[in-house]
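Data first, discussion second: the structure below is written as structure tokens.
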Amino acid sequence: MTEQKNLVSNTRKLAQLIVDSKFQIDELNVAKKCFVDYLASAYVSRNEPAVKRLFDTLKNAGPAKLLGQAGTASSDHAALFNGFVAHYNDFDDVQANFRGHPSVVIYSALLALADGTESADRFFEAYIVGVEIAGQIGFQVNPTHKLSGYHTTATLGTIAAAANLAFFKRFSLGQTIDILSFAATQATGLGIEAGTDTKPMHAGLAAQRAVQSYQFVSSQLTTNQDVFNNQTGWVKIVVGQELDLDLIESTWLTPAQIITPGIWFKRHQFCSAAMSGYDAIKQGYLQGINIKNIKQVIFHFRPFGDKVLRYKQPLNGQEGKFSIEYIAWQILTFGDVNDELFDSSVRQKSFKR
């Protein structure tokens, strides 16, 4: 009996932290900035052909709004669509411990289930909880999880969005355990999809899975109560390591993950893994280095630091978001990146090498 009690303790402790969360005004201020960035990211992608095609597929007579579109859908379809459109151009925010994009998943789940009875503060507090879960677990499982080939926005994002819905909807401790279990059992997504429409779909799928997990809990379906145990739980099975709940308890919201390491707002559409290379090439260009007076550029990354930058010779602008070579070519040719050149319609024959 003692052993079984310990098996459940990780998930119960995590659920208790979610239920009892308290917040500071500076955390709320950052959450509001993240919401603005989320809406802006969806706005710039609203007319993309892939977005329009998905809208035509998912729109129906449901109660939830679809960002940037004159239509509605069911809650789970709205979560899927809004996550997709907000992440489509890769302009959306990033959290370092998460190693993923928090707002496109967490806010998409929140908007899908917001019914107007919750306060604005509760809405933003729930977002903070989601970021906290993503950052806390991400701190422990990364870089192993990321480097093993998973897309963390899809995996940790599903769990984070479910946690945020539990707080938002004032779930009991038992209900919070259940929604975490439903979310964890669905939490997956492959990093090899970078450079395709499936990568932004991961954000939508994570939000949708969180909303569906909420619906499953509302249907009073049963779950395994020890989904984060260190023998057969999600972290152990997916990452191959144990989750240190004592560390999470001692650092929960002190400081909050939304404050430290904080949220990074992107200025361009390319992957954040290329940012150091972008800065180095931009500095070189400002010092007179350009495409006409060099023969070769060699990039040095920490071990596996460039793993997600998988396209050395991208076939289109969408793949170019994950190519340090393509980013360097733009800077050395034009003085900076041109976000229009990251469009999927820009083909290899347009590149001047």
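Return yes when F265 is under 24 Å from T153 (Cα atoms), surrounded by fewer than 19 Cβ atoms within 10 Å (Cβ to Cβ), touching a residue at least 24 places away in the same chain (Cβ under 8 Å) and in contact with an Asp or Glu (Cβ under 7 Å, 6 or more places away or on another chain) and no when it is not. It is true that F265 is under 24 Å from T153 (Cα atoms), surrounded by fewer than 19 Cβ atoms within 10 Å (Cβ to Cβ), touching a residue at least 24 places away in the same chain (Cβ under 8 Å) and in contact with an Asp or Glu (Cβ under 7 Å, 6 or more places away or on another chain). Contact annotation: residue pairs with Cβ atoms under 8 Å, 6 or more positions apart or on different chains, pairing a residue in segment 299-316 that is touching a residue at least 24 places away in the same chain (Cβ under 8 Å) and farther than 18 Å from E193 by Cβ with a partner that is part of a loop (DSSP other than H, G, I, E, B) and of a type outside the set (V, I, T), are F299/D306; F304/P143; Q313/S323.
Against the definition (more than 30 Å from G262 (Cβ to Cβ) and out of contact with any strand residue (DSSP E or B) (no Cβ under 8 Å at 6 or more places or on another chain)), how does F35 come out, yes or no? When the stated conditions are applied, F35 does not pass them. Scanning segment 203-234 for residues that are more than 30 Å from Y88 (Cβ to Cβ) and among the β-branched types (V, I, T) yields T222, T223, V227, T232.
Condition first: within 17 Å of W264 (Cα to Cα) and hydroxyl-bearing (S, T, Y). Can you find one or more residues in segment 78-95 that meet it? For segment 78-95, residues within 17 Å of W264 (Cα to Cα) and hydroxyl-bearing (S, T, Y): absent. Being among the acidic types (D, E), open to solvent by 70 Å² or more (accessible area, probe 1.4 Å) and in a helix (DSSP H, G or I) is a description that does not apply to E242.
If you scan segment 100-159, which residues turn out to be hydroxyl-bearing (S, T, Y), closer than 19 Å to D26 by Cα and touching a residue at least 40 places away in the same chain (Cβ under 8 Å)? Across segment 100-159, the qualifying residues are S103, Y107, Y127.
When the helices (runs of 4 or more DSSP H) confined to segment 120-239 are screened for residues that are more than 30 Å from R53 (Cβ to Cβ) and open to solvent by less than 10 Å² (accessible area, probe 1.4 Å), those reaching at least 2 such residues are found at 120-141, 152-168, 173-186.
The conditions of being surrounded by 15 or more Cβ atoms within 10 Å (Cβ to Cβ), in a helix (DSSP H, G or I), of a type outside the set (S, T, Y) and touching a residue at least 12 places away in the same chain (Cβ under 8 Å) are not met by A256. If you check I106, I192 for being more than 12 Å from the chain's Cα centre (by Cα) and among the hydrophobic types (A, V, I, L, M, F, W, C), only one passes: I192. The residues in segment 301-336 that are open to solvent by 60 Å² or more (accessible area, probe 1.4 Å) and farther than 22 Å from G191 by Cβ can be counted, and the count is 1.
The values are calculated or read from the model by the stated rules, or taken from the named source; none is laboratory data. Since this is a predicted model, take the numbers as computed values, not measurements. For neighbour counting, all protein chains shown are included, and Cβ atoms are generated from backbone atoms with ideal geometry for every residue, glycine included. The area values use the complete protein model at the heavy-atom level, side chains included, leaving out ligands, DNA and RNA. Shrake-Rupley method; radii C 1.70, N 1.55, O 1.52, S 1.80 Å.
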